[in-house]
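The values are calculated or read from the model by the stated rules, or taken from the named source; none is laboratory data. Given the structure is predicted, the values throughout are model-derived calculations rather than measurements. Backbone-built Cβ (ideal geometry, glycine too); neighbour counts: all protein chains shown.
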Amino acid sequence: MIRICQTAKKMGIKTYGIKTSKEPKAYYLEFVDAIIDFSDTSDEIPEFLDVERIIKAARDHKIQAIHPGYGFLAESPYFAQRCEDEKIIFVGPSADVIYKMGNKTIAKRIANRSQIPLLRGSQGNLKSADEAKYIAGRIGYPVIFKAAAGGGGRGMRIVEKPSYIEKMFKLASTEAQKAFSDSSVFLEKYVRNPKHIEFQILGDKHGNYVHLGERECSVQRKHQKLIEESPSSALDDRLRVKMGQDAINIAKAAGYFSAGTVEFLLDADKKYYFMEMNTRIQVEHGVTEMVTGLDLIELQLRIAQGEKLPFSQSDVKLNGWALECRINAEDVQSGFTPYLGIIDKIQYPRSKNIRIDTGITDMSVVTPFFDSMLAKLIVHAENREKVISHTMNALNKFWIKGIKTTIPFCKAVLRNRKFRNGDFTTSFVDEEMKKLYHEEERDEMLAAYLATFDYAAGIETDRSMYIDFEQGKNISPWVLNKRLRSL
Amino acid sequence: MILSRKKIKEAETEYIAVSEHDKKYAIRNPFGEEITINHRKVDIKILDDDRGFTYILYKRKKYLVEIVEKSQNKYTILLNGVSYKFTIETPISYKRKKYLQKNKLKSKVELVGAPMPGKIVDILVEAGAKVKEGEALIILEAMKMQNEILSPAKGVIKKLFVNQGDIVNKEDVLIEIEKK
C-alpha cells in the first residue's frame, strides 16, 4: 500500500486509501492523498474484501484505477470483472486471465500447449481415489495431491505409498473445499528437494513481453516463503535464457498483460517444471527491482493505462545480487506460531543499499486480522557473498522491542554453511533449522545474567530499606533506579 | 544458629540461574565491580540507549534484551529476539532442588499435547500400536489447515485421550506413549 502510494506520488497520481474498522489508525493512511472511510462497518465481511462497496466508493469518488495490492482481491477474477464492467482500470491482468491462471488445471493445459515442461500427473481434476491410485501407480511414488484452486500450501498432501492414497485424497479434498470452496484436486509426481525458482515477467496490452530474471525462494516453511533472492546461484546464463523464454511463452499463450510471476520447480539434475503463474505483484518483487533498477509498480500502472513497454529484453540488465528477509511477528522457537502484541519500539538501519518496506511504527499493534508480516528487509550488493554479509549487519541493527519476530531465524539461515554455498532446497528449513536459534553459547549466559540481575535487584531493594534504617547506608541508587524502571 | 549479617550478605550474593535445559550459571556479585559467572570474571553492563532500548554490552558487542515475563524466581528473557527461560536459585535452594530431582524416577512415558487449539479430524493410530519417531499420529485441523501431530519418540501407544471430532485446547493431552 505504502509502496504503491510512493510510486503513484512520483508519477503525479492522486491516491485514495480505505480506512477499516480493524485497523483505523493504520500507518499507510498517512501516505494516501485522501481517505475513504469504511471503519463504521460492523458486518461480517472484512472491508477489504467487500467488492461492491469498493466499486461504489470508486464510482462516488470518480476513481479511475484500482490497484489490488498483493492480497486476496489481486487474484479475484470477480473483482477484476466488476472493475471492467464499471470501466474502472484494474491494475493487473484481465479477469479472464486471472481465472484461467488461478485454476491450476487450466494453467497446466495452457503450459502444455506451449510445450513448457510439466510434471507427470493427472490430466485435470481427479474424480475418485481409485483414479488417483491408478495414475500414481503409472507415474510412480511419491506423488502429491494439489488443490486446483489452491495456493499457499493448503490442500497439498504428499503420498509415499499406495496404502495412504485414499486417506490423503480425502484430506486434500476436504482441505481444498474449506480453504477455496472448491474440492477439486489433481495429482502429480512429487519432486523431492527441489529448488523454487520463479521468473518475473511483464507484458503490455500490445503483445510485448520481457522477463526480468529469476528469484529463488527455496527458503520456505510449509510453502510460506521466508527469504528470497535474485538471481539464483543455481542458474547459469543458458538456463536463465531458456526458462525466461518459457515464462514469456506461457504468458503469451494466456494473453497476459501487467506484471506476473511464473513459478518453476528445479530438480537436482537442473530439469525444471512449470508449477503455476501468479497473476499479481508479489511480496518479493523488491529483489527484482533491486537488480534491474526498475520500478515494477510504475510499469504496472503504465501498462494498465495502455502504454507500451518502454524497453525490450536486450535492455534488461541484471546487476549484482539482492536478498530479502521477511520480518514476521512469529515465534520461531515454537513452530512459527503468530506472535500477537504491541511493538513498543522499532528501529532499523538506513543506507543506500538497504530498502525496508514496512507499515510498522512505535506502538503498532500486531492483530490477528492481518498477516504476520511486519517488514521486508531488502539488501543489494555486488555479489552473493557481500549481500549475505551486508544483510547480516542490517539484521543486527534491526531492533524490535515488545514482540518476537523471525529476525533470529533469518540470521541463523544466513550463518548456515549450506545456505552460503547455495546448497539448499525447499527442505532446507526442515532439515537444517531444527536447532535453537541462538548464535553462541554466550547468548544464553548473557540472558542468564540479566534475569539474575533483575531478581537480585529485587532482593537488594527489599533489604536496602532495612539497611537504610539501621545503618544509614544505601545501596547504589543506580540499582534502585534500575529496579523501579521495569525493563 | 545465628549467622552474622556479613555472612548473610555473602551467602546471598551468589545466585544460580538454571536454564530450561538444565544448564547452570553460577553468578556471583551481580552488581559489583567483580562479576563472576561460573567462576570466570566477566565485564558485562546493562544499559539503556536514548530511544529506550535496553541492551547488554559485552566484549564491545551490543545485545538487545528485554524481560518478557517474570513471576517470583521464574524469568523469560528475550536476547536478540531469542527467548530463554530461567529459574533463579540461591545455592541453598539449588541444592535442595537437585536432591529432590535425584529421587524422582526417570519417566518412561511421553505425553503428546495439542500444539494449538483445533478439531481432531482423524486418528491414525490405535492403542497398542508401535510408532516411530516422527510418525503421524493425529490430524488436527486448526485455522483451516490440517496439521499432522507427529510422534515425539519411538514407542508404543498406551492410551488415546481423544476421539475423532473432539475439539481440543492448546496443550491438551492427546496421546500417551510408552518410550522404547
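Before moving on, here are some points about what is shown:
- The lone exception for B:Asn163 - which of (1) of a type in the set (S, T, N, Q); (2) assigned to a strand (DSSP E or B); (3) at pLDDT 85 or above it fails: (2)
- Selection status of A:Pro408, in contact with a Gly (Cβ under 8 Å, 6 or more places away or on another chain) and assigned by TED's automatic domain parsing to the domain that holds A:Ile356: yes
- For the condition within 12 Å of A:Ala448 (Cα to Cα), more than 8 Å from chain A (Cβ to nearest Cβ) and either at pLDDT below 90 or out of contact with any helix residue (DSSP H, G or I) (no Cβ under 6 Å at 6 or more places or on another chain) (or both), B:Lys9 does not qualify.
- Residue in region B:42-63 that is surrounded by 12 or more Cβ atoms within 10 Å (Cβ to Cβ), among the aliphatic types (A, V, I, L, M) and either touching a residue at least 60 places away in the same chain (Cβ under 8 Å) or more than 9 Å from chain A (Cβ to nearest Cβ) (or both) present: yes
- Flag: A:Leu377 does not match the condition of being farther than 24 Å from A:Leu29 by Cβ and either among the β-branched types (Val, Ile, Thr) or surrounded by 15 or more Cβ atoms within 10 Å (Cβ to Cβ) (or both).
- Considering A:Gln115, A:Gln64, the condition of being among the polar types (S, T, N, Q) and over 21 Å from A:Gly207 (Cα atoms) is satisfied by A:Gln64 alone.
- Strands (runs of 3 or more DSSP E) wholly inside region A:143-210 containing at least 2 residues that are modelled with pLDDT of 90 or more, touching a Leu at 6+ places or on another chain (Cβ under 8 Å) and crowded, with 22+ Cβ neighbours inside 10 Å: A:143-147, A:185-189, A:195-203
- Residue match in region A:81-98 (condition: hydrophobic (A, V, I, L, M, F, W, C) and under 18 Å from A:Ile248 (Cα atoms)): yes
- Only listed residue being at pLDDT 90 or above, out of contact with any His (no Cβ under 9 Å at 6 or more places or on another chain) and under 27 Å from A:Thr174 (Cα atoms), chosen from B:Glu89, B:Glu126, B:Glu66: B:Glu126
- Residue among A:Gly260, A:Gly255 that alone is assigned by TED's automatic domain parsing to the domain that holds A:Val413, closer than 15 Å to A:Val97 by Cα and within 21 Å of the chain's Cα centre (by Cα): A:Gly260
- Considering region B:124-135, and only residues there that are at negative phi and in a loop (DSSP other than H, G, I, E, B), the residue that is surrounded by the fewest Cβ atoms within 10 Å (Cβ to Cβ) turns out to be B:Glu126.
- Residue tally, condition within 14 Å of chain B (Cβ to nearest Cβ), surrounded by 15 or more Cβ atoms within 10 Å (Cβ to Cβ) and part of a loop (DSSP other than H, G, I, E, B), over region A:341-366: 3
- Total residues in region A:73-109, condition hydrophobic (A, V, I, L, M, F, W, C) and part of a loop (DSSP other than H, G, I, E, B): 2
- Residue count, region B:88-123 (criterion: more than 9 Å from chain A (Cβ to nearest Cβ), more than 30 Å from B:Gln146 (Cβ to Cβ) and part of a strand (DSSP E or B)): 1
- Scan region A:276-331 for residues that are β-branched (Val, Ile, Thr), closer than 13 Å to A:Ile201 by Cα and within 13 Å of the chain's Cα centre (by Cα) and the total you get is 1.
- Selection of region A:367-391 for residues being within 14 Å of chain B (Cβ to nearest Cβ), more than 25 Å from A:Glu440 (Cβ to Cβ) and touching a strand residue (DSSP E or B) at 6+ places or on another chain (Cβ under 9 Å) yields A:Pro368, A:Asp371, A:Ser372, A:Leu374, A:Ala375.
- If you go through region A:113-142 and keep only what is polar (S, T, N, Q) and surrounded by 15 or more Cβ atoms within 10 Å (Cβ to Cβ), you end up with A:Ser114, A:Ser122, A:Asn125.
- A:Lys108 meets the conditions (1) under 29 Å from A:Phe274 (Cα atoms); (2) touching a Lys or Arg at 6+ places or on another chain (Cβ under 9 Å); (3) of a type in the set (D, E, K, R) in every case but one. The failed one is (2).
- Candidates are the residues of region B:64-74 that are at the interface with chain A (Cβ under 8 Å from one of its Cβ atoms) and in contact with a Leu (Cβ under 8 Å, 6 or more places away or on another chain); the one that is surrounded by the most Cβ atoms within 10 Å (Cβ to Cβ) is B:Val65.
- Of all residue pairs spaced 6 or more apart or on separate chains, those with beta-carbon atoms under 8 Å, a first member in region A:432-454 that is farther than 24 Å from B:Lys45 by Cβ and a second member that is at pLDDT below 95 and polar (S, T, N, Q) are A:Glu432/A:Asn416; A:Met433/A:Asn416; A:Leu436/A:Gln333; A:Tyr437/A:Gln333.
- Checking B:Pro30 against (1) under 30 Å from A:Tyr164 (Cα atoms); (2) at the interface with chain A (Cβ under 7 Å from one of its Cβ atoms), the condition it does not meet: (1)
- Condition met for A:Ser76 (more than 24 Å from A:Glu166 (Cα to Cα), among the hydroxyl-bearing types (Ser, Thr, Tyr) and at pLDDT 95 or above): no
- Of all residues in region A:392-451 being β-branched (Val, Ile, Thr) and over 20 Å from A:Tyr339 (Cβ atoms), the one that is farthest from the other protein chains (Cβ to nearest Cβ): A:Thr425
- A:Ala132 falls short of the stated requirement of being in a helix (DSSP H, G or I), within 14 Å of chain B (Cβ to nearest Cβ) and of a type in the set (Gly, Ala, Ser).
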